[in-house]
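Colleague: Please read through the structure below; I'll follow up with questions.
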Amino acid sequence: MYSLIGLIIAQRLIEVIIAKHNERWLKGIGGVEAGKDHYPWMVALHIGFFISLLVEVSINEPVFTTISVIAFFVVAVAQVIRFWALTSLGRYWNTKIIVLPEAPVVEKGPYRYLRHPNYTVVMLEIAFIPLLFQAYWTAIVFTLLNAWMLSVRIRVEEEALHDETDDYTERFERKKRFWFV
């Protein structure tokens, strides 16, 4: 159980390294950052999620259940979509909101269907990773906190994409924000 959590944390740390590299490149060619005020809160939320998960898993000894199997399947599918979303954005992917003015909006991969597939993945992960280990409090509390954070972040990102690109609004108006909305 700790090895699986460790693997997920390692994946996130690798993504942070990639994001930093992409951030330097994007800002070097004129990328504009939005949402600086909420970014530290988002980082704190994700760190808090893993701390809460580790504490809850340490207090309550998890067992393998049907819910664990379902949660594992959802998390595995989410990882595939995460990889698809990140590789579709390529060097434009970042953990921060950095928009390259007047660059064409990426419409390949899962972005053909959704405006924010990676946020859909994060929602699924925060809800279902704790369910792998019956960490119900972490699942409930951080799903609610993440919903609040995404309500802020998506609004800021939508505004930045609308303001800095020529075609975001017209290309993405018809697309859903998430797979269920």
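Colleague: Return the single residue from 64, 83, 128 with maximal mean-square fluctuation; model: Gaussian network over the chain, springs between Cα atoms under 10 Å.
Modeller: 64
Colleague: If you filter region 9-113 for GluC sites (Glu not before Pro), then keep DSSP loop positions with at most 11 other Cβ within 10 Å, what is left? All intermediate terms of the calculation are to be shown ahead of the outcome.
Modeller: On the way: sites: 15, 23, 33, 56, 102, 107; in loops: 102, 107.
Listed in order of number, the matching sites are 102.
Colleague: Mind listing the long-range amide H neighbours of residue 32? Cut-off is under 5 Å, sequence gap 5 or more, other chains count too, H placed in the peptide plane at 1.01 Å from N.
Modeller: 99, 100
Colleague: Any chance you could check the Cα centroid distance between region 66-95 and region 98-163 for me, in angstrom?
Modeller: 11
Colleague: Solvent-accessible area per residue for the chain at a 1.4 Å probe radius, Å²? All intermediate terms of the calculation are to be shown ahead of the outcome.
Modeller: Values: 10070 Å² over 181 residues.
Solvent-accessible surface per residue comes out at 56 Å².
Colleague: Sticking with the crude label model, points 7 Å out along Cα→Cβ, report the distance from residue 1 to residue 73 in nm, one decimal please.
Modeller: Between residue 1 and residue 73, the label points sit 2.2 nm apart.
Colleague: From the square roots a ≥ b ≥ c of the eigenvalues of the alpha-carbon gyration tensor of region 33-151, which class results: rounded (a/c under 1.5), prolate (a/b over b/c), or oblate?
Modeller: Numbers: a/c = 3.01, a/b = 1.62, b/c = 1.85.
Oblate shape, in that a/c is at least 1.5 and b/c is the bigger or equal ratio.
Colleague: Next up: Taking the dipole about the Cα centre of the chain, with the C-beta of Lys and Arg at +1 and of Asp and Glu at -1, give me whichever of 38, 13, 67 is farthest to the positive side.
Modeller: 67
Colleague: A further question follows. How big is the charge dipole of region 59-122 about its Cα centre, in debye rounded to the nearest 20, if each Lys and Arg gets +1 on its Cβ and each Asp and Glu gets -1 on its Cβ? Present the calculation step by step, with values, prior to reporting the outcome.
Modeller: On the way: 6 positive and 3 negative charges, 42 e Å.
The calculated dipole for region 59-122 is roughly 200 debye.
Colleague: Next question, about the same structure. Springs between alpha-carbon atoms under 10 Å, Gaussian network over the chain: tell me which of 44, 127, 139 tops the mean-square fluctuations.
Modeller: 44
The values are calculated or read from the model by the stated rules, or taken from the named source; none is laboratory data. Just so we're clear, the structure is a prediction, and the values are computed from it rather than from any experiment. In this analysis, Cβ positions are derived from the backbone assuming ideal geometry, glycine residues included, and neighbour counts consider all displayed protein chains. To get the accessible areas, we keep the full protein, side chains included, count just its heavy atoms, and leave off ligands, DNA and RNA. Shrake-Rupley method; radii C 1.70, N 1.55, O 1.52, S 1.80 Å.
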